[in-house]
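S.K.: Would you mind keeping the following structure in view while I ask a few things?
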There are 4 protein chains.
Amino acid sequence: MESAREEREEKETARLEAFSDGVFAIAITLLVLELKVPAGSASLGRTLASEWPSFAAYLTSFATIGIMWLNHHRLFTLIRRVDHWLLVLNGLLLLGVSVVPFPTELVAQYLGHPGEVTATAVYGGSFVFIALGFNGLWRYASSRDRHPPLLRVPHDAPEVLAIHDQYRVGPIAYLVAFVVAFWWPNVSIAMMLALAVFFLIPAKVKSAGS
Amino acid sequence: MESAREEREEKETARLEAFSDGVFAIAITLLVLELKVPAGSASLGRTLASEWPSFAAYLTSFATIGIMWLNHHRLFTLIRRVDHWLLVLNGLLLLGVSVVPFPTELVAQYLGHPGEVTATAVYGGSFVFIALGFNGLWRYASSRDRHPPLLRVPHDAPEVLAIHDQYRVGPIAYLVAFVVAFWWPNVSIAMMLALAVFFLIPAKVKSAGS
Amino acid sequence: MESAREEREEKETARLEAFSDGVFAIAITLLVLELKVPAGSASLGRTLASEWPSFAAYLTSFATIGIMWLNHHRLFTLIRRVDHWLLVLNGLLLLGVSVVPFPTELVAQYLGHPGEVTATAVYGGSFVFIALGFNGLWRYASSRDRHPPLLRVPHDAPEVLAIHDQYRVGPIAYLVAFVVAFWWPNVSIAMMLALAVFFLIPAKVKSAGS
Amino acid sequence: MESAREEREEKETARLEAFSDGVFAIAITLLVLELKVPAGSASLGRTLASEWPSFAAYLTSFATIGIMWLNHHRLFTLIRRVDHWLLVLNGLLLLGVSVVPFPTELVAQYLGHPGEVTATAVYGGSFVFIALGFNGLWRYASSRDRHPPLLRVPHDAPEVLAIHDQYRVGPIAYLVAFVVAFWWPNVSIAMMLALAVFFLIPAKVKSAGS
């Protein structure tokens, strides 16, 4: 009986991961629909060049969703079982991820035009939402109040604490980029791209632990 | 021989789940294509605010498909093997799920304009269809007439009966929301969002059994 | 060494199935993008009713891709390993499946208007192509010339022969529907929907063998 | 402890493959959105025939992404574990794959019109980028500097060396097609389609080793 439940739990966790991966993969691939082919342009090269905000927004969103997938992937190497509220929190996170193509297109269309502040703020705001979603998910999963625990490792294992540290950075950094959008939208986009690249550098615990 | 068949059955069930998850994940992520970027708006913030029905419809559909996925996921923790008609019933259910982006866009475009009654009724009607689809799938899978049984547990196990109880609510609740649409479309949409949130509260059997 | 190769083969087969399932799931869900929300219609109900060819084409394509998925799923319960040319043949089949949303939209837009013969012929032609693709895939996989064999069962096992029989029907039936399209496009579409429903009835070998 | 880490590694690799397969499957299926249904054409057959660049671009991109998937699939039969930078390199590769629908649509719209040189060059350039991505991924994974190694086999095993040879061809061939685009865009597209077909012929090591 005990082992049957464990097996069922592992299956549930695996299915949640697969579903989440599907949403990540679809959201990251749908971004391409935001790149619009200009209609009958006499000078296609120049027209494409003038569409640079589309490409900047595409790259930033692709890198950010990619990083988020990686993060999700890492959390779930530590999460052994899911309960109802973890499913709900994960759903909130996926809500944030799957909406990204919309603010991406907002930025692509409005950067450099009136409305760019609103567009960039919505874009940054959606990343703040996602960063908070990750924190909520992780804090819930790693809380000492979960009985039986959801993690494979103790709630105060070094890799758990390292993620705590790392996750403190995300929401604040995206919040700064969000605030900057109200004055310098271009700088805000550049900051978000830089953040994605920054998060690509592996955390200390990785290099020490592997 | 016996165990080879069992293994093949488990593989079939797993593949059905994976295919269904794919459809759920794609349908929930395609919803974002319904959010339209307004063309060259002078006051983007105000224009986005006036598009609130799009966001309300997006949220409602996202939450509803999310809940449905969760439901599907739970049913299949109890279903061990699939037969031909279960595949067909599951296909009908997926038909309902994958069509959701269309009525969502109907509501997004027509709420607050002439035609909102039709749009909301189509929207509610598609949820009634899905709720009936879930009932059909579950009643077929849990029927005592299946030999060999499709469930992992006896057809009168407490968790099976608990789902019976819970599933009586769905079609009726969505039917009420559907009927309300003919008089107050806004109220109908609010009811459907509330239903999704309501179904997020775990059933008693969950809290007792886990 | 031997068992390591077998394991790798099983992994390859599983990954091919997963990739194919992904394409099936995406193609079947993308069909919904063909359903267009009419712009600012005064009488939405009547406008939607006049769009019945869209709904007929949607249903027919959904049912047909669903059946195809089921077929694919069944073939692969018998296929144990894949080789290079099976991958290529499977790719041709997926080409046919993933293109279906295009002829579906052709039919949706042109049925009842000039051009309906071309639209329906393209639609029927794509199903002929897919039916031939299934035959090619299956004949290759089940040929006695494969060493080591690709099937889990002998090439003349009853379930293999039953599929041979069943697969003789598909291309001919779709060819008839294709030819009919040149005179009566509506009848051709109805035939294709009827074919999908017909293929839902399980083959004799299933009812006898399970 | 050791075996638990190995299991976790295998799980990570499997999840990376599944995510990558998702992106490949979605990108290959999204290509169909590039095929546009002509609006109210009096002579639909002739209109579709005049859209041949769309179909040529569709076929070329479908075949190319299909081949890339196959390649990816083969690399990962040799890769046992992934590390951080492999994830990043794989992400760059997926960036190239998921952007393909955009240059495909560029070619579909501009081939035969002013701008075709730019469109075809962007198309060929994206394939050069992907070919380089594959090389980067493979060279990193198979490098003798990885400790512990990422491959299942020694870094100088015959199948590894065979892939080295094969991968030298890709970037150069696509670079030639890219350069040709500046003079003869049609020839460049034909070359890229021919390349996809060429890569379908299995490498020597496959026929010898299996």
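The values are calculated or read from the model by the stated rules, or taken from the named source; none is laboratory data. In this text the structure is predicted, and so the values were computed from the model without any measurement. Cβ atoms come from the backbone with ideal geometry, glycine included; neighbour counts cover every protein chain shown.
S.K.: Taking the condition within 12 Å of chain D (Cβ to nearest Cβ), out of contact with any strand residue (DSSP E or B) (no Cβ under 7 Å at 6 or more places or on another chain) and farther than 20 Å from A:Tyr167 by Cα, does A:Ser50 pass?
M.R.: no
S.K.: When the stretch D:1-32 is examined, which residues are found to be among the hydroxyl-bearing types (Ser, Thr, Tyr) and more than 9 Å from chain C (Cβ to nearest Cβ)?
M.R.: Taking the stretch D:1-32 and keeping what is among the hydroxyl-bearing types (Ser, Thr, Tyr), we get D:3, D:13, D:20, D:29.
Hits for the stretch D:1-32 are D:Ser3, D:Thr13, D:Ser20.
S.K.: If you check A:Val187, A:Val160, A:Val179, which single one turns out to be surrounded by fewer than 17 Cβ atoms within 10 Å (Cβ to Cβ), at pLDDT 85 or above and touching a Ser or Thr at 6+ places or on another chain (Cβ under 9 Å)?
M.R.: On the way: A:Val187 fails: touching a Ser or Thr at 6+ places or on another chain (Cβ under 9 Å); A:Val160 fails: surrounded by fewer than 17 Cβ atoms within 10 Å (Cβ to Cβ).
So the residue among A:Val187, A:Val160, A:Val179 that is surrounded by fewer than 17 Cβ atoms within 10 Å (Cβ to Cβ), at pLDDT 85 or above and touching a Ser or Thr at 6+ places or on another chain (Cβ under 9 Å) is A:Val179.
S.K.: Residues in the stretch D:121-143: is at least one farther than 18 Å from D:Ile67 by Cβ, out of contact with any Lys or Arg (no Cβ under 7 Å at 6 or more places or on another chain), modelled with pLDDT under 90 and surrounded by fewer than 21 Cβ atoms within 10 Å (Cβ to Cβ)?
M.R.: Yes, because at least one residue in the stretch D:121-143 is farther than 18 Å from D:Ile67 by Cβ, out of contact with any Lys or Arg (no Cβ under 7 Å at 6 or more places or on another chain), modelled with pLDDT under 90 and surrounded by fewer than 21 Cβ atoms within 10 Å (Cβ to Cβ).
S.K.: State yes or no: is B:Leu35 more than 18 Å from A:Leu16 (Cβ to Cβ), surrounded by 18 or more Cβ atoms within 10 Å (Cβ to Cβ) and facing chain A (nearest Cβ under 8 Å)?
M.R.: yes
S.K.: Could you please give the count of residues in the stretch D:38-64 that are more than 30 Å from the chain's Cα centre (by Cα), loosely packed, with under 14 Cβ neighbours inside 10 Å and hydrophobic (A, V, I, L, M, F, W, C)?
M.R.: Number of matching residues: 2.
S.K.: Which ranges mark the helices (runs of 4 or more DSSP H) fully within the stretch C:115-210 that have 3 or more residues being hydrophobic (A, V, I, L, M, F, W, C) and without any contact (Cβ under 8 Å) to a residue 40 or more places away in the chain?
M.R.: C:116-142, C:158-180, C:185-200
S.K.: Looking at (1) touching a strand residue (DSSP E or B) at 6+ places or on another chain (Cβ under 7 Å); (2) without any contact (Cβ under 8 Å) to a residue 60 or more places away in the chain; (3) among the β-branched types (Val, Ile, Thr), which is the one condition that is false for B:Ile79?
M.R.: Failing condition for B:Ile79: (2).
S.K.: Sort out which residues of the stretch B:1-32 are of a type in the set (Gly, Ala, Ser), surrounded by 14 or more Cβ atoms within 10 Å (Cβ to Cβ) and out of contact with any Pro (no Cβ under 7 Å at 6 or more places or on another chain), and write them in order of number.
M.R.: The answer is B:Ala14, B:Ala18, B:Ser20, B:Gly22, B:Ala25.
S.K.: Next question, about the same structure. Just to check your reading of the model, which residue among D:Val117, D:Val82 is modelled with pLDDT of 90 or more and β-branched (Val, Ile, Thr)?
M.R.: Sole residue among the options that is modelled with pLDDT of 90 or more and β-branched (Val, Ile, Thr): D:Val117.
S.K.: If C:Arg81 satisfies all but one of (1) of a type in the set (Lys, Arg); (2) more than 14 Å from chain B (Cβ to nearest Cβ); (3) in a helix (DSSP H, G or I); (4) under 24 Å from C:Gly133 (Cβ atoms), what's the number of the condition it fails?
M.R.: Every listed condition holds for C:Arg81 apart from (3).
S.K.: Output yes when any residue across the stretch D:54-70 is in a loop (DSSP other than H, G, I, E, B) and either in contact with a His (Cβ under 9 Å, 6 or more places away or on another chain) or at the interface with another protein chain (Cβ under 8 Å from one of its Cβ atoms) (or both), and no when none is.
M.R.: No, because not a single residue in the stretch D:54-70 is in a loop (DSSP other than H, G, I, E, B) and either in contact with a His (Cβ under 9 Å, 6 or more places away or on another chain) or at the interface with another protein chain (Cβ under 8 Å from one of its Cβ atoms) (or both).
S.K.: Just to be sure I understand, how many residues within the stretch D:24-46 are closer than 15 Å to D:Phe102 by Cα and assigned to a helix (DSSP H, G or I)?
M.R.: Residues in the stretch D:24-46 being closer than 15 Å to D:Phe102 by Cα and assigned to a helix (DSSP H, G or I): 10 in total.
S.K.: Which members of the stretch D:96-120 meet the condition of being more than 7 Å from every other protein chain (Cβ to nearest Cβ) and either crowded, with 22+ Cβ neighbours inside 10 Å or in contact with a Pro (Cβ under 8 Å, 6 or more places away or on another chain) (or both)?
M.R.: Residues satisfying the conditions are D:Val97, D:Val100, D:Pro103, D:Thr104, D:Val107, D:Ala108, D:Leu111, D:Gly112, D:Glu116, D:Val117, D:Thr120.
S.K.: Buried (at least 16 other Cβ atoms within 10 Å of the Cβ), at pLDDT below 90 and among the aromatic types (Phe, Trp, Tyr): is that true of C:Tyr167 in this structure? Step through it out loud before you land on a result.
M.R.: Details: buried (at least 16 other Cβ atoms within 10 Å of the Cβ): yes; at pLDDT below 90: yes; among the aromatic types (Phe, Trp, Tyr): yes.
Judged against the criteria, C:Tyr167 is a match.
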